[in-house]
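The values are calculated or read from the model by the stated rules, or taken from the named source; none is laboratory data. Please read all numbers here as calculations on a predicted model, not as lab measurements. For neighbour counting, all protein chains shown are included, and Cβ atoms are generated from backbone atoms with ideal geometry for every residue, glycine included. Just so you know, the surface numbers come from the protein's heavy atoms only, side chains and all, with ligands and any DNA or RNA stripped out. Shrake-Rupley method; radii C 1.70, N 1.55, O 1.52, S 1.80 Å.
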Amino acid sequence: MDHQQFLTMVAQIAEADPDTAERASEAVLTVLGRHVTRGEAADVLRRLPPELQPFAWSPGSPESFPPEEFLRRVGEQEGTDPVTAERHTRAVFIALRQTIGDDEYADVRAQLGRHYDALLDAETFVPSVEAVVGAVAAKSGLDQDAARRLTEAVLETLAERIAPGDSDDLATRLPVALHPPLHRGRDADDLSRRMELEEFVQRVARRADLPLGDAVRRTPAVFAVLRTIVGDEFFDITVQLPDDYRPLLGAARTG
């Protein structure tokens, strides 16, 4: 794939103009080059169009940072917000995979780690944060800001309750903007894998800044949206929750 073909693919996938696609490609490759080892960067460079090779090379030691920091850096380089940076980053990684091949792409994936799967796996649909929050707002009757707080509160509390591996699996199916609450819950000092339902909704209410009764009524909206996103994998989450959690996992209620 030559330079123009690479940029055309990025522009089509990201629904962006050619100049934006070029800035996005340069920004993503620059940040990627700071994360992977020199050896891996060299392997990627050999397969990139010559015009893009300088951006994927960093003279310093590789850094390790989570995907949300990756997107922050891309957005900073592009001059865009994290949501736009995420859309652009996905597009660039799709084009990168087509350019360097599956074997080399697998090596890049291994260096970045499983937390990057939501950005790297082009075969898995990951909705935007606006789509997730909008769906929660529609089901819960909350406005966008309150729906975002509720979504993050449920995710953080859920991550405290379920196995760390399942929390990480859930993160791969959600937009990167929603990864931090999952990570906070997974890494919390006061983990409670046996958290009772009452404690669960109390934590959600406190984090979402909602009255307890509202948290009880509206939390099912978040679980309903999660079910539509993760499909059959939702069972791996719910099987860890006792029967008294079932009212939270059923159809969302509003009002």
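Remarks
- At a probe radius of 1.4 angstrom, the accessible area of the chain per residue rounds to 45 square angstrom.
- Sites Asp102 and Ser64 - FRET efficiency at Förster radius 30 Å, r taken between beta-carbons, to 0.05: 0.80
- Apportionment of accessible area to carbon and sulfur, the chain, percent (1.4 Å): 49
- Label zone at Met1 (point 7 Å along Cα-to-Cβ), backbone N below 15 Å, the range 71-88: 88
- Using a Förster distance of 51 Å, the FRET efficiency for Thr37-Arg246 (Cβ separation, nearest 0.05): 0.60
- Long hydrophobic helices in the chain, taken as whole DSSP H segments with a C-alpha length of 24 Å or more on their own axis and mean Kyte-Doolittle hydropathy at least -1.0: 18-35, 82-100, 144-161, 212-230.
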